[in-house]
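Notes follow once the structure below has been shown.
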Amino acid sequence: MKYSWIPIPPLDGIKRKSLADPVETPAHSGCCFATYKRNFERLGMYDPGLELWGCENMELSFKAWMCGSRLEILPCSHVGHLYRSHFPYTMAGKAFVFERNCLRVAEVWMDQYKVFYHDRVDNLQVSHVSVTVTR
């Protein structure tokens, strides 16, 4: 449930013939992505049950992967990203927000594989989250 960059694979001559060709990826980093508004809405946008910050990139990646979209890295794109020196909101009383968000994403999207994330956070005493859907 943690995104890490890995090197772009070498050209294979089949899927990628030039260094500028897109590279398929199962997930995105969260700090920058582009999509059509219509596709974002079709995927259900971000889960409103996620709190404050964290794991929304994995949630959207799972949705794209499992609901008919695809994610690509565009090697020739240039993106700037500014990190804040602090959060613009308080996280007081919100211990383990990232872990709880990831737990929610695991519960919804990972089926029987969610146990791997459960094993990772069990020692943190992260409270389990409700994933009931209201329509």
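Using R₀ = 35 Å, calculate the FRET efficiency as 1/(1 + (r/R₀)^6) where r is the Cβ-Cβ separation of N39 and D119; round to 0.05.
Efficiency at R0 = 35 Å is approximately 0.55.
Restricting to Cα pairs below 8 Å that are 6+ residues apart, what does the relative contact order work out to for the chain? Please round to a whole percent.
26 percent
Could you work out how much longer the chain between L19 and F96 gets when fully extended? Use 0.36 nm per residue separation minus the Cα distance between them, nm to one decimal.
Numbers: separation 77, 0.36 × 77 = 27.72 nm, distance 3.98 nm.
Between L19 and F96, full extension yields an extra 23.7 nm.
How compact is region 42-111 by the rule of thumb for globular proteins, expressed as Cα Rg over 2.2 N^0.38 Å?
Taking the Cα Rg and dividing by 2.2 N^0.38 Å, one obtains 1.31.
Return the loop-located trypsin sites (Lys or Arg not before Pro) in region 1-89 (DSSP other than H, G, I, E, B) with at most 10 other Cβ atoms within 10 Å of their own Cβ; answer none if there are none. All intermediate terms of the calculation are to be shown ahead of the outcome.
Numbers: sites: K2, K15, R16, K17, K37, R38, R42, K63, R70, R84; in loops: K2, K15, R16, K17, R70, R84.
Sparse-neighbourhood loop trypsin sites (Lys or Arg not before Pro): K2, K17, R70, R84.
Once Rh for the chain is found with the Kirkwood sum over Cα pairs, what is the Stokes-Einstein diffusion coefficient at 20 °C and 1.002 mPa s, in µm²/s?
126 µm²/s
For the chain, what does -39500 (n - 2.57) per DSSP helix run (n ≥ 4), summed and divided by total residues, give at 222 nm, in deg cm²/dmol to the nearest 500? Could you put the intermediate results ahead of the total?
Values: 4 runs with 38 residues, N = 135.
Theoretical 222 nm ellipticity from helices: -8000 deg cm²/dmol.
Rule-based calculations on the coordinates, nothing more; no lab input. What you are looking at is a predicted structure, and each value in this text was computed from that prediction instead of being measured. Cβ atoms come from the backbone with ideal geometry, glycine included; neighbour counts cover every protein chain shown.
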